[in-house]
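Note sheet for the following structure.
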Amino acid sequence: MIDCHQHLWPERLLDALRRRYSPPFLRDWTLHLAGEDPCAIDPRAHDVERRRAAELTEGTSRVLLSLSSPLGIEHLPACEGAELIAIWHESAIELNDPFHLWAAAPVTDLDPDGLAKLLREERVAGLQLPATALADPAAIAHVGPLLAEVERAGKPVLIHPGPAPACDPGLPAWWPALVPYVSQLHQAWAAWHVAGRASHPRLRVGFVALAGLAPLHHERLAARGGTLGMVDPNVFYETSSYGTRAIDAMTRVVGVDPIISGSDRPYADATDPGLGAAFTHALFQANPHHFLTGEPRC
């Protein structure tokens, strides 16, 4: 079983966040972000050995860890973000099995040469980018040098929600995850189909959280005079935070082959939607393997 999307902050990254005085930063176990209310973090969620034991008990052969893009680290000025990203890479690579990782990269001042070197690391699955860095054709062109390096390496890109804009403090705690995160994914999904694929024809891309269910809007798209290829063999949809009804609806639009399992642990757990043994194998094993490697499904 492969889990394409989890979060686990190594001790060195936690320490670096505690040394900061502007968002993102930690005070003890309380996370402070620019656009969200302070949030208490469960220390057990970032206990490496506890998490490793849980994954091995569940039979997960590979867990792909991602730097939490809502922190906004990729959008920081290079003098700040690059140091935190380097700490992420160094400390996450050291975690060993079953943990592998998604690379991160500054999206303000680009360093494609540094990314190319990192992508040669065996434990680096590919590159994660925040959806906020892929919000329109101009943004995709800006990060194009990064995308080109990933395409050249034959590895995939995972597209994750980025930082939320400042929200009314009276809103419920779930608001960022349900409103700006989802809209960011919708926007990046549309921008990718409009501009990304033509520029990067062989690049495999995966949208977390089923791209916020963006493909399900195909009827409204058609009603407004738009046409996009719903089934791109190199676009994948990771399932975190969604269950049977959403996954079933997505397969009716894009088919089974693009659906890949991710849990977003510790914020949610992966669930088998119960759509049959063949679907379960595709979701947890065959499709993730194809997404990560480009090799045929088996």
Inset, instruction - Can you tell me the FRET efficiency between Asp97 and Asp168 if r is taken as the Cβ-Cβ distance and R0 is 51 Å, rounded to the nearest 0.05? - result: 0.70
Inset, instruction - Only Cα pairs under 8 Å and at least 6 apart count here; give the relative contact order of the chain as a rounded whole percent. - result: 18
Legend entry - Square roots of 5 times each gyration tensor eigenvalue, C-alpha, the stretch 1-159, largest first, Å: 24, 21, 13
Legend entry - Footprinting exposure proxy for Lys155, Lys117 (fewest neighbouring C-beta atoms within 10 Å first): Lys117, Lys155
Legend entry - Identified option (computed Cα extents along the principal axes in Å; candidates [x] 74, 49, 37; [y] 49, 44, 43; [z] 58, 40, 40): [y]
Inset, instruction - Give, in nm to one decimal, the length gained when the segment between Ser61 and Arg120 is fully stretched (0.36 nm per residue of separation minus the Cα-Cα distance). - result: 19.1 nm
Legend entry - Charged-residue dipole, Cβ positions (Lys, Arg, Asp, Glu), the stretch 2-293 about Cα centre, Debye nearest 20: 480
Inset, instruction - Give me the distance in nm between label points sitting 7 Å out from Cα along the Cα-to-Cβ direction at Val194 and Ala138, one decimal. - result: 1.2
Inset, instruction - Could you list His5, His89 in order of exposure, starting from the residue whose Cβ has the fewest other Cβ atoms within 10 Å? - result: His89, His5
Legend entry - Relative exposure of Tyr21, Tyr237, judged by other C-beta atoms within 10 Å (fewest first): Tyr21, Tyr237
Legend entry - the chain: calculated mean residue ellipticity at 222 nm from DSSP helix runs of at least 4, using -39500 (n - 2.57): -9500 deg cm²/dmol
Legend entry - Whole-Å distance, taken between Cα centres, linking the stretch 6-61 and the stretch 125-176: 20
Legend entry - Amide N of the stretch 108-138 lying under 13 Å from the label point, which is placed 7 angstrom from the Cα of Asp232 along Cα→Cβ: 134-137
Inset, instruction - Multiply the residue separation of Arg224 and Asp47 by 0.36 nm, subtract the distance between their alpha-carbon atoms, and state the gained length in nm to one decimal. - result: 58.8 nm
Legend entry - Length gained when the stretch Val256-Ala78 is fully extended (0.36 nm per residue, less Cα-Cα span): 60.1 nm
Legend entry - Mean Cβ neighbour count within 10 Å, used as a protection proxy, ranking 271-282, 256-267 highest first: 256-267, 271-282
Legend entry - Phi to ³J(HN,Hα) by Karplus 6.51 cos²θ - 1.76 cosθ + 1.60 over the stretch 22-27, Hz, x for Gly, Pro: 10, x, x, 8, 10, 10
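Readers should treat all values here as calculations from the given coordinates under stated rules, not as data from a laboratory. What you see is a predicted model, and the numbers here were worked out from it, not measured in a lab. Note that we place each Cβ from the backbone using ideal geometry, even for glycine, and neighbour counts take in every protein chain shown.
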